[in-house]
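Asker: Handing you a structure now.
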Amino acid sequence: MILPRVTKTQYAAGVEIPVSTLKPTASWVAEGATSDRQKYTGAKISFTHHKLRCEVSVSMEVGTMALAAFEAKIVENVAAAIVKAKEQAIISGTGTGQPKGILAETPADG
């Protein structure tokens, strides 16, 4: 039950959104003095795409004689396999050919 708890976005693949990583520091200075300039270091979140497939083969005989209940069960099983793969990727995805999971992600300081 991880997938229902995930925030879903509608960003197109290939979009990069800038994220501010500026963490300024305050410093005490004498009267009339200035402080050091602090540089902005920009980071970004990249939205990429990955292909997830689940293919099921049935014989021609099954295809022509299938009951609606059988077909519904195939659809249910394929949907369950897709959800299971997505949830696994959310937790421990490697980022290579699949999303990077929260266990593999390097959190930003802050």
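Asker: Working only within the range 45-84, note down all residues that are more than 30 Å from Ile17 (Cα to Cα), part of a helix (DSSP H, G or I) and touching a residue at least 12 places away in the same chain (Cβ under 8 Å).
Answerer: Passing the criteria: Ile74, Asn77, Val78, Ala81.
Asker: Still on this structure: Out of all the residues in the range 73-85, is one or more surrounded by 10 or more Cβ atoms within 10 Å (Cβ to Cβ) and either touching a Pro at 6+ places or on another chain (Cβ under 9 Å) or modelled with pLDDT under 80 (or both)?
Answerer: Within the range 73-85, none of the residues are surrounded by 10 or more Cβ atoms within 10 Å (Cβ to Cβ) and either touching a Pro at 6+ places or on another chain (Cβ under 9 Å) or modelled with pLDDT under 80 (or both).
Asker: Given the structure, is Gly93 modelled with pLDDT of 85 or more and in contact with a helix residue (DSSP H, G or I) (Cβ under 7 Å, 6 or more places away or on another chain)?
Answerer: No; evaluated as a whole, the condition is false for this residue.
Asker: Return the pair list, or none, for Cβ contacts closer than 6 Å from residues in the range 32-44 that are touching a residue at least 12 places away in the same chain (Cβ under 8 Å) to residues that are open to solvent by less than 80 Å² (accessible area, probe 1.4 Å), at least 6 apart or on different chains.
Answerer: Tyr40/Leu22; Thr41/Thr21; Ala43/Val19; Ala43/Thr21
Asker: Okay, moving on. Quickly run through the range 3-12 and pick out the residues that are in a loop (DSSP other than H, G, I, E, B) and at pLDDT 85 or above.
Answerer: Correct list: Val6 only.
Asker: If I filter the range 90-104 for residues that are farther than 22 Å from Lys8 by Cα and not in a loop (DSSP other than H, G, I, E, B), do I get at least one hit?
Answerer: Scanning the range 90-104 turns up no residue that is farther than 22 Å from Lys8 by Cα and not in a loop (DSSP other than H, G, I, E, B).
Asker: A further question on this structure: From the list Ser46, Ser57, which one is loosely packed, with under 10 Cβ neighbours inside 10 Å and on the phi < 0 side of the Ramachandran plot?
Answerer: Among Ser46, Ser57, only Ser57 is loosely packed, with under 10 Cβ neighbours inside 10 Å and on the phi < 0 side of the Ramachandran plot.
The values are calculated or read from the model by the stated rules, or taken from the named source; none is laboratory data. Because the structure is predicted, anything quoted here is derived from the model rather than measured. Using ideal geometry, Cβ is built from the backbone for each residue, glycine included, and neighbour counts are taken over all protein chains shown. Calculation scope for accessible area: heavy atoms of the full protein, side chains included, ligands and nucleic acids excluded. Shrake-Rupley method; radii C 1.70, N 1.55, O 1.52, S 1.80 Å.
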